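In what follows, a single structure is set out as structure tokens and then discussed.
The values are calculated or read from the model by the stated rules, or taken from the named source; none is laboratory data. Note that this is a predicted model, so its numbers are computed, not measured. A quick note on method: Cβ atoms are made from the backbone with ideal geometry, for glycine too, and the neighbour counts reach across all protein chains shown.
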Amino acid sequence: MNAYRRLIFFMLLAAGLPPGCRAYAQADAGENLGPRRGLSIGGRAAYYRPKGADHGDLAEGAQVRLHFTPAWALEGSVDLRQDKFDGTKVDVIPVQLSLMVYILPPGYRVAPYLLAGGGWYYTHVGAPVDHFAFRFGPHAGAGVEFFLKRFWSLDGSYRYLWTDDIHSQDEAHPLGRNFSNKGFMLTGALNYNF
């Protein structure tokens with residue numbers, strides 16, 4: 001990952017994690033900020049680093065959140081990412097579903113949350129023989145959402161993924177080999193709240 005992409009990612013993440021002092025976090029008396037019932041959509045950047053990969057990389061994606069109450073939400077997300085394991089290129093499209101619980105009462109600009117869920121990972125291994133697979137894995141993590149105005153918010157999250165290993169077979173490894181795809185994921189997003 002080049003330095004420019006790394007800088008952009010950490011700037012997005014830092015924007016979603018402002019200082020959480022009480023005076024700044026609490027909304028003004030006339031504003032209706034914080035999580036509330038409804039729908040939000042957003043674009044996001046993600047950094048994923050599997051244990052067995054040569055390095056982590058940035059991915060782009062989108063997320064949709066359905067807030068049942070100010071404390072409970074369901075998030076659906078999709079990202080596009082590419083990993084390299086010992087020179088083998090692996091394209092992965094994770095589709096994740098997460099249950100979220102906000103841990104502060106409504107009315108605060110800063111809203112930390114916990115999340116847990118599962119993901120389906122469409123995987124393409126680019127080797128002399130192309131291999132396609134659908135894999136599943138649970139994830140858990142935490143994050144924080146910062147409400148800029150009534151309709152706009154920034155958020156950042158950390159989640160650990162326990163996904164199935166990736167299997168690859170090529171001329172150098174005719175019996176095949178497995179790559180561990182467990183690892184962590186950092187996300188930063190800009191959301192529009194309806």
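Residues that are at pLDDT 55 or above and more than 30 Å from L33 (Cα to Cα) within the stretch 155-170 comprise L161, W162, T163, D164, D165, I166, listed in sequence order.
Checking each residue in the stretch 65-114 for being among the basic types (K, R) and under 23 Å from F194 (Cβ atoms) picks out R65, R109. Does any residue of the stretch 120-143 turn out to be at pLDDT 90 or above, closer than 18 Å to I41 by Cβ and assigned to a strand (DSSP E or B)? Yes: the stretch 120-143 contains one or more residues that are at pLDDT 90 or above, closer than 18 Å to I41 by Cβ and assigned to a strand (DSSP E or B).
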